[in-house]
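S.K.: After the structure tokens below, expect a handful of questions from me.
The values are calculated or read from the model by the stated rules, or taken from the named source; none is laboratory data. These figures come from a predicted structure and were not determined experimentally. All Cβ positions, even for glycine, are placed from backbone atoms using ideal geometry, and neighbour counts span all protein chains on display.
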């Protein structure tokens, strides 16, 4: 596969690097290739791959492993030693090892390693406490740091590295990628706000974003360590299309004066029929009182089918982000999406909801921002979108609000 000019420069660059880009430009591809080459050509080195969540770290880790395997086939030579690679470690015959871990909230689980090369994927989302914990691990070895990410706010360690003369920086827009069509980008431009598009596809830092859920809020709410099966709760669903972000299924149960999360699940690249079947299977298992689905966009087909199904027709509730809630005096209120987010924030502030202590859930909550024009969204919003629907269903016994659809 031919490399783009900027990817060729990455391969030739020595020392610390920081990459920011729009989505799908090939940054993890080229870093996977470069990391594999480094591991093969350098003896007795410890390479560490991290991201805020294990899932994200594993994506880059798997690309490194793939490149090593391809190099073995090309050279007709074995580079990987026993034991076989796991999802956390690859051992090479030259004594080098490649490790893969989630950074989490503090980086505590990574402390103690002496690292020669630290690679951080989605580095903009890694918390400052993590950098304070693991960067010193490079001191003894005078090790190298590679950071790659779609950008976020104009602050923090990742942002600061772009002005650090010790780093070679790269900036690549999705609009400059020859593999991404103009038609696709135009659809995304229409789907997202100007600020969200700039962040996700132009790779620009955005200054006027503000987080909806603070770290304090997340630390006080995301405290449940284990899932326990519950009955007659509420299911919030956010639906993605084939090849897009994850569909998510979030279950909450009212216990005394609190909403408690007991189920969190995501699926990728699932068809409408598969999503419908997943919802019905979860309903059989948990006997939900209500099921909330966005009946706009990708959710139309799912909602319509569930509305016709005898099992779910009396449970399914349309929670469309583009609708407005009308009060008893027929006075127009905020978009339902805003109301659902406001409800989750307020419920958490009052201590009336407890969510699972899960890295993916935390990452999603941390990504949610509100622009100056009031629009709410985020890079990893799908999980939170499921949670706001479940929390909305569980907030009141009276769900017979009056709604109508508008375009936004």
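S.K.: Mind telling me which of the residues 362, 334 ends up being farther than 19 Å from residue 221 by Cβ and either modelled with pLDDT under 85 or in contact with a helix residue (DSSP H, G or I) (Cβ under 6 Å, 6 or more places away or on another chain) (or both)?
M.R.: Of the residues listed, the single one that is farther than 19 Å from residue 221 by Cβ and either modelled with pLDDT under 85 or in contact with a helix residue (DSSP H, G or I) (Cβ under 6 Å, 6 or more places away or on another chain) (or both) is 334.
S.K.: Okay, moving on. Looking at this structure, is residue 368 touching a helix residue (DSSP H, G or I) at 6+ places or on another chain (Cβ under 9 Å), modelled with pLDDT of 85 or more and closer than 24 Å to residue 196 by Cβ? Give the derivation first.
M.R.: Working: touching a helix residue (DSSP H, G or I) at 6+ places or on another chain (Cβ under 9 Å): yes; modelled with pLDDT of 85 or more: yes; closer than 24 Å to residue 196 by Cβ: yes.
Answer is yes for this residue.
S.K.: Further, regarding this structure: Which residues, counting only those in the stretch 298-320, are without any contact (Cβ under 8 Å) to a residue 40 or more places away in the chain and more than 25 Å from residue 230 (Cβ to Cβ)?
M.R.: Initial filter on the stretch 298-320 (without any contact (Cβ under 8 Å) to a residue 40 or more places away in the chain): 300-301, 303-316.
The answer is 300, 301, 304, 305, 308.
S.K.: Further question on the same structure: Say whether the condition of being surrounded by fewer than 17 Cβ atoms within 10 Å (Cβ to Cβ), under 15 Å from residue 395 (Cβ atoms) and at pLDDT below 80 is met by at least one residue in the stretch 309-330.
M.R.: Yes: one or more hits.
S.K.: Moving on. Is it true that some residue in the stretch 1-22 is farther than 30 Å from residue 197 by Cβ, in contact with a strand residue (DSSP E or B) (Cβ under 9 Å, 6 or more places away or on another chain) and assigned to a helix (DSSP H, G or I)?
M.R.: no
S.K.: Looking at the stretch 371-408 only, could you name the residues that are surrounded by fewer than 24 Cβ atoms within 10 Å (Cβ to Cβ), more than 16 Å from residue 53 (Cα to Cα) and at pLDDT 85 or above? Spell out how you get there, then give the answer.
M.R.: The first filter runs over the stretch 371-408 and keeps only residues surrounded by fewer than 24 Cβ atoms within 10 Å (Cβ to Cβ), leaving 371-377, 379-382, 395-408.
With more than 16 Å from residue 53 (Cα to Cα) added as a condition, the list becomes 371-377, 395-408.
Within the stretch 371-408, just 376 meets the criteria.
S.K.: Here are 150, 144: which of them is surrounded by fewer than 21 Cβ atoms within 10 Å (Cβ to Cβ), closer than 15 Å to residue 19 by Cβ and in contact with a helix residue (DSSP H, G or I) (Cβ under 8 Å, 6 or more places away or on another chain)? Don't jump to the end; show me each part of the working.
M.R.: On the way: 150 fails: surrounded by fewer than 21 Cβ atoms within 10 Å (Cβ to Cβ).
Going through 150, 144 in turn, just one is surrounded by fewer than 21 Cβ atoms within 10 Å (Cβ to Cβ), closer than 15 Å to residue 19 by Cβ and in contact with a helix residue (DSSP H, G or I) (Cβ under 8 Å, 6 or more places away or on another chain): 144.
S.K.: Are there any pairs, at least 6 apart or on different chains, whose C-beta atoms fall under 6 Å, with the first in the stretch 271-282 and farther than 18 Å from residue 250 by Cβ and outside the structural domain of residue 299 (by TED's automatic domain parsing) and the second crowded, with 17+ Cβ neighbours inside 10 Å and modelled with pLDDT under 95, and if so, which?
M.R.: none
S.K.: Which condition does residue 189 not pass, out of (1) in contact (Cβ under 8 Å) with a residue 24 or more places away in the chain; (2) not assigned by TED's automatic domain parsing to the domain that holds residue 294, if it passes all the others?
M.R.: So residue 189 meets the others, but not (1).
S.K.: Taking the stretch 223-239 as the search range and keeping residues that are in contact (Cβ under 8 Å) with a residue 40 or more places away in the chain and surrounded by fewer than 21 Cβ atoms within 10 Å (Cβ to Cβ), which one is nearest to residue 390 (Cα to Cα)?
M.R.: That would be 232.
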